[in-house]
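The values are calculated or read from the model by the stated rules, or taken from the named source; none is laboratory data. Remember, it's a predicted structure, so these values are computed and weren't measured experimentally. Cβ placement follows ideal geometry from the backbone for every residue including glycine, while neighbour counts extend to all protein chains displayed. These accessible areas exclude ligands, DNA and RNA; they are computed on the full protein's heavy atoms, side chains included. Shrake-Rupley method; radii C 1.70, N 1.55, O 1.52, S 1.80 Å.
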Amino acid sequence: QLIISQQNANEILLVESITILAANNLLEVSAHLFQTQLISPWQKKLPSSVENYPELYEVIGQNQAKRALEIAACGGHHMLLFGPPGTGKSMLASRLTGILPALTKKEALNVACIHSLSQKDRTENILQRPFRSPHHSASAIAIVGGGSTPQPGEISLAHQGILFLDELPEFQRSVLEMLREPLESGQIHISRASAQLSFPAQFQLIAAMNPCPCGYLGSQRCDCSAEKIARYQNKISGPILDRIDLHIPVNNIDNRQLIQGKNNHKEASNFDIQKRVCKARDLQVQRQGIVNARLDNQQLKKVCPLNSQLQNFLEKAINSYSLSARGYHRL
């Protein structure tokens, strides 16, 4: 038996083979221990399903970006969406959680522990994958964690879920550079004089950005100088871009589609896409024990051996785009 506060009772339901006694205060605990008034076992059950998310097919057009979103969901890949304002980048990103598999009980317990430590309530949506979308003015401590008494940051609160960074170049460059380690290792190490702590941070990064400060690069509306454009784009370093597998353009769509207010053909629902994603992830786990995005270089060579045609393609890509060793293996 375990006596716990009622606020945390639903989280402990994730632990199997244990009887939970939920108390409102220490007086109830004392009465139970002295057997003057026993606490009844906690009976509330976990929700059988997760919240209904906005449907992906509600986004008009952008078929390439939707396909990329499904690929990112299947392999757990980080993704960058770039294009003019109002093309649906944020709308697409917000719908990724709806096509991802629900958390397993083990994953949900890990997530609940982090949120409980941060005093964030997840009792009503405990099986849903986190979706964190911090504002670009957020400090380094808010994003990666820390403080005089170290607390998890946004990257840890997004563990097993999505970290969405909208207007990516508007974040402080120093903050973005701190994402290098957790993007690579799936955890963040915080050192203070009083303590050294590690928090899990195995999140999927989805970022969105405009191509230039005004957002309309390549059109007559753009009045940005070459210097302003370079300064804007250089806010995101090569090592960060190198760790993002999918770079997807999200361009303006035909106005006729907007006027009609619907897509030209019937698209799959979130439920149907989620089934495909679950099937793809099951195949990956059976083959290598992890999703594709977590494969290291040696595992990639073993799982994805290249024939001569693909090898020639990669050689051309290296010469054309000056790929790093990491970029070569990710491609």
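Could you run through segment 85-135 and say how many residues are part of a loop (DSSP other than H, G, I, E, B) and more than 24 Å from residue 239 (Cα to Cα)? Full working, then the answer.
Keep residues of segment 85-135 that are part of a loop (DSSP other than H, G, I, E, B), which gives 85-88, 95-96, 100-104, 118-130, 133-135.
With the extra rule that they be more than 24 Å from residue 239 (Cα to Cα), the set shrinks to 85-88, 95-96, 100-104, 118-130.
Going through segment 85-135 one residue at a time, the tally reaches 24.
Suppose we filter segment 145-159 for residues that are assigned to a loop (DSSP other than H, G, I, E, B) and open to solvent by 10 Å² or more (accessible area, probe 1.4 Å); how many remain? Outline the logic, then answer.
Here is the first cut: in segment 145-159, the ones assigned to a loop (DSSP other than H, G, I, E, B) are 147-150, 153, 158-159.
Checking which are open to solvent by 10 Å² or more (accessible area, probe 1.4 Å) leaves us with 147-150, 159.
Qualifying residue count, segment 145-159: 5.
Name every residue in segment 4-30 that is surrounded by 15 or more Cβ atoms within 10 Å (Cβ to Cβ) and hydrophobic (A, V, I, L, M, F, W, C), in order of residue number.
Within segment 4-30, 4, 9, 12, 13, 14, 20, 21, 22, 23, 29 qualify.
Here are some residues: 140, 201. Which one is open to solvent by less than 20 Å² (accessible area, probe 1.4 Å) and in contact (Cβ under 8 Å) with a residue 24 or more places away in the chain? Spell out the reasoning first.
Working: 140 fails: open to solvent by less than 20 Å² (accessible area, probe 1.4 Å).
Being open to solvent by less than 20 Å² (accessible area, probe 1.4 Å) and in contact (Cβ under 8 Å) with a residue 24 or more places away in the chain holds for just one of 140, 201, which is 201.
Within the group 236, 259, which residue is β-branched (Val, Ile, Thr) and either in a loop (DSSP other than H, G, I, E, B) or surrounded by 17 or more Cβ atoms within 10 Å (Cβ to Cβ) (or both)? Can you show your working first?
On the way: 259 fails: either in a loop (DSSP other than H, G, I, E, B) or surrounded by 17 or more Cβ atoms within 10 Å (Cβ to Cβ) (or both).
Every option except 236 fails the conditions.
Determine which member of the set 309, 299, 286 is touching a helix residue (DSSP H, G or I) at 6+ places or on another chain (Cβ under 7 Å), in a helix (DSSP H, G or I) and not aromatic (Phe, Trp, Tyr). Steps first, please.
Values: 309 fails: touching a helix residue (DSSP H, G or I) at 6+ places or on another chain (Cβ under 7 Å); 286 fails: touching a helix residue (DSSP H, G or I) at 6+ places or on another chain (Cβ under 7 Å).
Going through 309, 299, 286 in turn, just one is touching a helix residue (DSSP H, G or I) at 6+ places or on another chain (Cβ under 7 Å), in a helix (DSSP H, G or I) and not aromatic (Phe, Trp, Tyr): 299.
Under 6 Å between Cβ atoms, at least 6 apart or on separate chains: pull out the pairs that start in segment 281-296 with a residue that is open to solvent by 40 Å² or more (accessible area, probe 1.4 Å) and end on any residue that is assigned to a helix (DSSP H, G or I).
These pairs meet every condition: 292/75; 292/284.
Has segment 84-98 got at least one residue that is farther than 27 Å from residue 242 by Cβ, at pLDDT 90 or above and not aliphatic (A, V, I, L, M)?
Looking for residues that are farther than 27 Å from residue 242 by Cβ, at pLDDT 90 or above and not aliphatic (A, V, I, L, M), one finds at least one in segment 84-98, hence yes.
Tell me whether segment 179-189 contains one or more residues that are part of a strand (DSSP E or B), within 16 Å of residue 141 (Cα to Cα) and open to solvent by 50 Å² or more (accessible area, probe 1.4 Å).
Step one: filter segment 179-189 for residues part of a strand (DSSP E or B), giving 187-189.
Add one more test, that the residue is within 16 Å of residue 141 (Cα to Cα), and what stays is 187-189.
Checking which are open to solvent by 50 Å² or more (accessible area, probe 1.4 Å) leaves us with 187, 189.
The answer is yes, given that some residue of segment 179-189 is part of a strand (DSSP E or B), within 16 Å of residue 141 (Cα to Cα) and open to solvent by 50 Å² or more (accessible area, probe 1.4 Å).
Do you know which of the residues in segment 160-169 that are part of a loop (DSSP other than H, G, I, E, B) and over 26 Å from residue 9 (Cβ atoms) is most open to solvent (accessible area, probe 1.4 Å)? Can you show your working first?
Step one: list which residues in segment 160-169 are part of a loop (DSSP other than H, G, I, E, B), which gives 160-161, 166-167.
Subset that is over 26 Å from residue 9 (Cβ atoms): 166-167.
Numbers: 166: 48, 167: 63 Å².
Here the residue is 167.
For segment 48-77, which residues satisfy the criterion of being crowded, with 18+ Cβ neighbours inside 10 Å, in a loop (DSSP other than H, G, I, E, B) and either at pLDDT 90 or above or touching a Leu at 6+ places or on another chain (Cβ under 7 Å) (or both)?
Scanning segment 48-77 gives 59, 62, 76, 77.
Select, from 104, 97, 87, the only residue that is closer than 26 Å to residue 55 by Cα and free of Cβ contacts under 8 Å to residues at least 12 places away in the same chain.
On the way: 97 fails: free of Cβ contacts under 8 Å to residues at least 12 places away in the same chain; 87 fails: free of Cβ contacts under 8 Å to residues at least 12 places away in the same chain.
Of 104, 97, 87, the one residue that is closer than 26 Å to residue 55 by Cα and free of Cβ contacts under 8 Å to residues at least 12 places away in the same chain is 104.
Any idea which of (1) within 30 Å of residue 147 (Cα to Cα); (2) outside any loop (DSSP other than H, G, I, E, B) is the one residue 229 doesn't satisfy?
Exception for residue 229: condition (1).
Search segment 264-280 for residues being surrounded by 17 or more Cβ atoms within 10 Å (Cβ to Cβ) and among the polar types (S, T, N, Q), and hand back the single one that is nearest to residue 84 (Cα to Cα).
Going through the qualifying residues, I end up with 270.
Keeping to segment 190-218, report how many residues are assigned to a loop (DSSP other than H, G, I, E, B), within 20 Å of residue 161 (Cα to Cα) and among the polar types (S, T, N, Q). Please lay out each step first, then the result.
Taking segment 190-218 as the starting set, the residues that turn out to be assigned to a loop (DSSP other than H, G, I, E, B) are 192-195, 201-203, 210-218.
Checking which are within 20 Å of residue 161 (Cα to Cα) leaves us with 201-203.
Retained after the next criterion (residues that are among the polar types (S, T, N, Q)): 202.
Final tally of qualifying residues: 1.
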